[in-house]
């Protein structure tokens, strides 16, 4: 829950053009005088299948940086015959000065599609609606008036309307994956609750990726919190389930004032599903990081990925450098990210992605929120592939 004591932090976040969303609080009223969007209009979407020049039609070429410094170029292409759909809701990125964003795609929105969603086009048809999200400016103003919620308001109404338009006009009985991060993840949690959980369309749910957000479950169970009949994913190939986590460095675990992974209700707990294993233990991550070091906040220091060599592709992958496991401390349940750097080899031993004013001094309550999705992108794509095959067999 966002509390007034976080005001200075949100000001910092906005100054850095960063993106952060906190757990839903009691509902806020819808903004009066706002007319519904027309999601039959192509301009209301950042991504739709087969469109040239939209936000998902971008260069995703990757340089694979091996530990010994060897560079390998990895190309990418969308799958025009993908058998399922992906519906994506982006996090808080809008730098519009109003309380809620307009329906014009600025660099902030197109950057986050490039970072978090376009690559899903190798596995599914991509649908990403524009929506009038709560902006960074809106977050700052709302903090002065009490709690903030993402389960009601124009931001939720827009996503709900886009979803209903997609179901009516585009779905045609196909399986689908929901993907959301931060504010988008909280909105999708409410959409699952209102539009999918326990309803006939639930049988078409291949998976729901609720990333960088607290997703409460009943203590010791995989359901009974945010949703009643849609469980957490616990084994490869399981379908109709939720993947949820918030990432923190192993060296900077969640503190008492963590913004993620901690349920407000004492009967509930935060949750974690490791996209690399869906089970216990540690496993390597298949990350896709922006080569310039930029994150969804469109900020970040340049990174030297390997000594004496230049990376000229938009993305890098660093096999073996990162691993993850789900764990719990006294404050939260979270995805622990371990750096496996070796000072004796030429590849970098660290990555960026922390929110902080001073380099090397992250703000612990945020963890690696700004690169939650980048860290596990390759693992999510493998997971979708497994879930799609299981869904089609069924």
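Select from region 83-102 the residues that are under 29 Å from residue 132 (Cα atoms) and at pLDDT 95 or above and list them in ascending order. Result: 84, 85, 86, 87, 88, 89, 90, 91. Within region 43-76, being more than 22 Å from residue 170 (Cβ to Cβ), over 21 Å from the mean Cα position of the chain (by Cα) and loosely packed, with under 15 Cβ neighbours inside 10 Å holds for 68, 69, 70, 72, 73, 74, 75.
Within region 65-84, being outside any loop (DSSP other than H, G, I, E, B) and more than 30 Å from residue 392 (Cβ to Cβ) holds for 65, 71, 72, 73. Considering (1) in a loop (DSSP other than H, G, I, E, B); (2) modelled with pLDDT under 95, the lone condition that residue 13 does not fulfil carries the number (1).
Of the residues making up region 282-294, at least one is under 30 Å from residue 95 (Cα atoms), touching a residue at least 40 places away in the same chain (Cβ under 8 Å) and outside any loop (DSSP other than H, G, I, E, B).
Note on region 238-253: residues that are in contact with a helix residue (DSSP H, G or I) (Cβ under 7 Å, 6 or more places away or on another chain), part of a loop (DSSP other than H, G, I, E, B) and either at pLDDT below 95 or closer than 21 Å to residue 338 by Cα (or both) amount to 2.
Can you pull out the residues in region 290-309 that are in contact with a strand residue (DSSP E or B) (Cβ under 7 Å, 6 or more places away or on another chain), surrounded by 17 or more Cβ atoms within 10 Å (Cβ to Cβ) and over 18 Å from residue 110 (Cβ atoms)? Step through it out loud before you land on a result.
Step one: of region 290-309, the residues in contact with a strand residue (DSSP E or B) (Cβ under 7 Å, 6 or more places away or on another chain) are 290-291, 305-306, 309.
Next, only the ones that are surrounded by 17 or more Cβ atoms within 10 Å (Cβ to Cβ) stay: 290-291, 305-306.
Residues satisfying the conditions are 305, 306.
Of the residues 363, 371, only one is in contact (Cβ under 8 Å) with a residue 40 or more places away in the chain, under 24 Å from residue 214 (Cα atoms) and surrounded by fewer than 21 Cβ atoms within 10 Å (Cβ to Cβ); which? Break it down stepwise before answering.
Values: 371 fails: surrounded by fewer than 21 Cβ atoms within 10 Å (Cβ to Cβ).
Of 363, 371, the one residue that is in contact (Cβ under 8 Å) with a residue 40 or more places away in the chain, under 24 Å from residue 214 (Cα atoms) and surrounded by fewer than 21 Cβ atoms within 10 Å (Cβ to Cβ) is 363.
Within region 264-281, being assigned to a loop (DSSP other than H, G, I, E, B), buried (at least 21 other Cβ atoms within 10 Å of the Cβ) and in contact (Cβ under 8 Å) with a residue 60 or more places away in the chain holds for 270, 271, 272, 274, 275, 276, 278.
The values are calculated or read from the model by the stated rules, or taken from the named source; none is laboratory data. Small disclaimer: the values here were computed from a predicted structure and weren't measured. Here the Cβ is made from the backbone with ideal geometry for all residues, glycine too, and neighbour counts use every protein chain on show.
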